[in-house]
Amino acid sequence: MIAYSYIEQNLSCLDRSYLASVLVSDTRNHSKLAILELCGWIEESMDDIILRAGTRLLKNSKNRKYLDDRVRRNYGFEYEKHFKSMLVSLVGITGFEFIEKKVSSQIVVNFKNELCNLKIKRNSLAHTYVRGATQHYDAPSITISRYHTIADGLREYDKALRQSF
């Protein structure tokens, strides 16, 4: 089961700390940590969806091990490169098409867009040093908004996977 309450609590705590911060460096740190926390949660949630489905669907231990290894080697949360490829490893391209058709097209579009936007933001933050940085840092409230869109997408894909197989 994807743990939603934990990430919601963390992001809300970071948002409260951000709003209470007096120092600019503190607000930057809260903003950066919120994005990194969300990205980690997304990766774990995607992995969880695939592994739980694999446990339910795969009876052969070699196939389960293959899927476990595939998920363990996955480092990222991009839609095509990471999430879709893990789903295809589990259910094949035909199964993936079937699942994706069950998810509302608006949720698919929003999910893909937010993952892409978050990936760009995460990469820029992960490869810069906070001190003296001039780039824009999204407030944790913006990250919380992203979280809700992404969580909706993950829920719908998980639901479609459960209903389809």
Handout entry: Normalised contact order of region 4-164, rounded percent, pairs of Cα under 8 Å and 6 or more residues apart
Key = 36
Practice task
Report the full-extension gain for the segment residue 73 to residue 129: residue separation times 0.36 nm, less the Cα-Cα distance, to one decimal in nm.
Solution key: 17.4 nm
Exercise for the section: Treat every Asp and Glu Cβ in region 83-122 as -1 and every Lys and Arg Cβ as +1, leave all other atoms uncharged, and give the resulting dipole magnitude about the Cα centre to the nearest 20 debye. Expected result: 180
Exercise for the section: With unit charges on the beta carbon (Lys/Arg positive, Asp/Glu negative), name the residue among 9, 38, 99 whose Cα is farthest towards the positive pole of the charge dipole of the chain. Expected result: 99
Problem - trypsin sites (Lys or Arg not before Pro) restricted to DSSP loop in region 16-110 with at most 14 other C-beta within 10 Å - result: 59, 73
Exercise for the section: Divide by every residue of the chain the summed helix terms, -39500 (n - 2.57) for each DSSP H run of at least 4, and state the resulting mean residue ellipticity at 222 nm, rounded to the nearest 500 deg cm²/dmol. Expected result: -27000 deg cm²/dmol
Problem - Principal axes of region 58-107: Cα extent on each, largest first, Å - result: 36, 24, 13
Exercise for the section: Can you tell me the dipole magnitude for the chain around its Cα centre, using point charges on the Cβ only (Lys, Arg +1; Asp, Glu -1), in Debye to the nearest 20? Expected result: 540
Completion exercise
Those chymotrypsin sites (Phe, Trp or Tyr not before Pro) from region 1-93 that are DSSP loop and have at most 13 other Cβ neighbours within 10 Å turn out to be 75
Handout entry: J(HN,Hα) series, region 101-111, from Karplus relation 6.51 cos²θ - 1.76 cosθ + 1.60, nearest Hz, glycine and proline x
Key = 5, 6, 8, 3, 4, 5, 5, 4, 4, 4, 4
Problem - For region 11-114, with +1 on Lys and Arg beta carbons and -1 on Asp and Glu, the positive-most of 90, 49, 23 along the dipole - result: 90
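We did not get these values from a lab; they are worked out from the coordinates using the rules stated. Quantities reported herein were computed from a predicted structural model and do not represent experimental measurements. We place every Cβ from the backbone using ideal geometry, glycine too, and count neighbours over all the protein chains shown.
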